[in-house]
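The values are calculated or read from the model by the stated rules, or taken from the named source; none is laboratory data. Being a predicted model, the structure only gives us computed values, none of them experimental. Every residue, glycine as well, gets a Cβ built from its backbone with ideal geometry; the counts of neighbours run over all protein chains shown.
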Amino acid sequence: MSQKDPFLTWLNEMIPMTQAMGITHCEYSEGVLSLSAPLDPNKNDKGTGFAGATTALATLAGWSLITRYTQALGLDCEAMVVESQAKYLRPVTQDFTARVQLPSDEMCQEFQLQLKQKGRARMLLEVVITEKDQPALILQGSYLARLKTANLQ
C-alpha cells in the first residue's frame, strides 16, 4: 500500500508524528500488519535508528493492528497501549519495518468475547523490527481496545 492508503492517510492526520517519521508503507492482511519508515528522519547521532523512533514505530504497529482488527470485526473501538517492554538487540542501519501478527485463533476469540461482553479487552502482542533478517528490536506490549459506544451485547 502506498501513501494513498486510506488507513495511512488517516494515521497521518490523527497522529502527526507519523508524518515526521516519514512512515511510507502500511500493510494489513490475514492478521499481519507491517509499518515501514525510512532511516534518515529517524536516525541518531551515530547514524543508526534512534531508539525512540524504532520503539515508536513498533508501538504504533501494535496499535494499528488492534485498530485494523477491530474495524474488520465491525466494531467502533479506541485502541491504546497499556504496557510495553522493548529489547534492543542490534542497531538499525537501514530503512526499517515493524511487523506484528494476531495471536492464536483461540486468543482472538477470547478477545472478541470480552470486548463484546465487557466493552473492553486486552491483547498481548509481539512486534519485531529486523535488520538483515535478524531481530533488531522486539517489543512486547499489552494493548487495550475499548468500545466507543455503551451498547454491549
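The table for this structure:
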item: Pairs where the first residue, in the stretch 6-30, is farther than 18 Å from Ile66 by Cβ and the second is among the aliphatic types (A, V, I, L, M) and outside any helix (DSSP H, G or I), C-beta under 8 Å, 6+ apart; result: Asn12/Ile23; Met21/Ala37; Gly22/Ala37; Thr24/Ala37; His25/Met1; His25/Leu35
item: Test: residue in the stretch 75-89 that is touching a strand residue (DSSP E or B) at 6+ places or on another chain (Cβ under 9 Å), surrounded by 15 or more Cβ atoms within 10 Å (Cβ to Cβ) and free of Cβ contacts under 8 Å to residues at least 40 places away in the same chain; result: no
item: Odd one out for Ala53, checked against (1) closer than 20 Å to His25 by Cα; (2) part of a loop (DSSP other than H, G, I, E, B); (3) touching a helix residue (DSSP H, G or I) at 6+ places or on another chain (Cβ under 7 Å); result: (2)
item: Residue in the stretch 119-137 that is under 20 Å from Ser29 (Cα atoms), among the small types (Gly, Ala, Ser) and touching a Ser or Thr at 6+ places or on another chain (Cβ under 7 Å) present; result: no
item: Residues within the stretch 100-153 that are within 19 Å of Arg68 (Cα to Cα), hydroxyl-bearing (Ser, Thr, Tyr), without any contact (Cβ under 8 Å) to a residue 40 or more places away in the chain and surrounded by 11 or more Cβ atoms within 10 Å (Cβ to Cβ), tallied; result: 0
item: Top-ranked residue of the stretch 56-79 - restricted to ones that are among the small types (Gly, Ala, Ser) and not in a helix (DSSP H, G or I), ranked as nearest to the chain's Cα centre (by Cα); result: Ala79
item: Output for the stretch 2-57, where each listed residue is on the phi > 0 side of the Ramachandran plot and surrounded by 11 or more Cβ atoms within 10 Å (Cβ to Cβ); result: Gly22, Gly31
item: Filter result (among the charged types (D, E, K, R) and either at pLDDT 95 or above or under 12 Å from the mean Cα position of the chain (by Cα) (or both)) within the stretch 3-29; result: Glu27
item: Among (1) more than 18 Å from Gly31 (Cα to Cα); (2) surrounded by 16 or more Cβ atoms within 10 Å (Cβ to Cβ); (3) polar (S, T, N, Q); (4) out of contact with any helix residue (DSSP H, G or I) (no Cβ under 7 Å at 6 or more places or on another chain), the one test that Thr97 misses; result: (1)
